[in-house]
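A short reminder: the numbers here are calculations on the coordinates, not readings from a lab. These numbers come from a predicted model, not from an experiment. Note that we place each Cβ from the backbone using ideal geometry, even for glycine, and neighbour counts take in every protein chain shown.
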Amino acid sequence: MSDRTVVARDLVKTYENGRTRALDGVSLEIFSGEFVAICGPSGSGKSTLLNLIGALDRPDSGELWVAGEDLTRSHGDFAGFRARKVGFIFQLHNLIPSLTALENVLIPTLELNRRDAHARARELLERVGLADKAHRRPPELSGGERQRVAVARALVNNPELILADEPTGSLDSKTEQAVLELLRGLQSERGVTLILVTHDPRVAQSADRVIELVDGLVTAPVAF
Ligand SMILES: Nc1ncnc2c1ncn2[C@@H]1O[C@H](COP(=O)(O)OP(=O)(O)OP(=O)(O)O)[C@@H](O)[C@H]1O
Ligand SMILES: [Mg+2]
């Protein structure tokens, strides 16, 4: 189990009292340190799957183990799990407009009370090329800069798993390359597992493996 970051068996997730079957029995395994791209048409269940893996939501049925934790149990410290193990990057960056870039990056550290949080946040802002803009608020940053703040925020707690939902969707190709290189660097340097939803074939090509969802099911064979 420890060589796999994600083990899912027959995951089902419905909405609207079962009228929408967003995931219709998804089984997959993702190895520690792997970079997996999740592709598929709009509405195929990609974001739903990512939300389950990140313990933002719970499946109706099936098994789901992530970073050694059983995410189907009825009670658990899911907030603690997210803070310790997972970094999220959403398509819309979800920054808080009234806080500076630095304060936004520090948000996930509040849950863990880390003493080195400030230094780590500054180091990451430097790494994404925003050291000189740490005190700007999101409305004073460009779209690409905001997304880079979101990347720094996702990394601040040293997560073992990064979940990214179209993180480069709104970026120009140069910024997209920079964000991808940063994520890939973390994967190779620190063995971070990277699961990235994308519509972009170029982004998918750079992954170790592509998992395709159609109508809530995995289509591509799960090849290892
Ligand atoms: N909160 C919700 N309530 C009701 N239905 C939902 C909810 N979230 C998602 N759905 C439905 O579940 C299905 C899967 O949605 P999901 O967001 O996972 O798709 P997706 O693959 O991420 O699509 P996109 O590429 O457009 O982001 C869709 O039919 C969607 O309408
Ligand atoms: Mg989506």
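Per the helix-only calculation at 222 nm, which mean residue ellipticity applies to the chain, given -39500 (n - 2.57) for every DSSP H run of n ≥ 4 and division by its residues, nearest 500 deg cm²/dmol?
On the way: 7 runs with 73 residues, N = 224.
Value at 222 nm, helices only, nearest 500: -9500 deg cm²/dmol.
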**Request:** Mind giving me the nanometre distance, one decimal, between the label points for Asp208 and Leu99, set 7 Å out from Cα along Cα→Cβ?
**Result:** 3.1
**Item:** Candidate lysines - alpha carbon under 18 Å from Lys13, same-chain residues fewer than 8 apart omitted
**Value:** Lys46
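Suppose R0 equals 45 Å; then what is the FRET efficiency for Ser173 and His75 from their Cβ-Cβ distance, rounded to the nearest 0.05?
In this case the efficiency is close to 0.50.
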**Request:** Round to the nearest 10 and give me the degree value, 0 to 90, for the angle of helix 117-127's Cα axis relative to the longest principal axis of the chain.
**Result:** 90
**Message:** Can you compute the equivalent ellipsoid semi-axes for the range 134-224, i.e. the square root of 5 times each eigenvalue of the Cα gyration tensor, sorted largest first and rounded to whole Å?
**Reply:** 25, 16, 12
**Message:** With angles folded into 0 to 90 degrees, how steeply does helix 101-110 sit against the dominant principal axis of the chain? Use alpha carbons for both and round to 10.
**Reply:** 50
**Item:** Kirkwood-based shape ratio for the range 4-218, expressed as Rg/Rh from alpha carbons
**Value:** 0.96
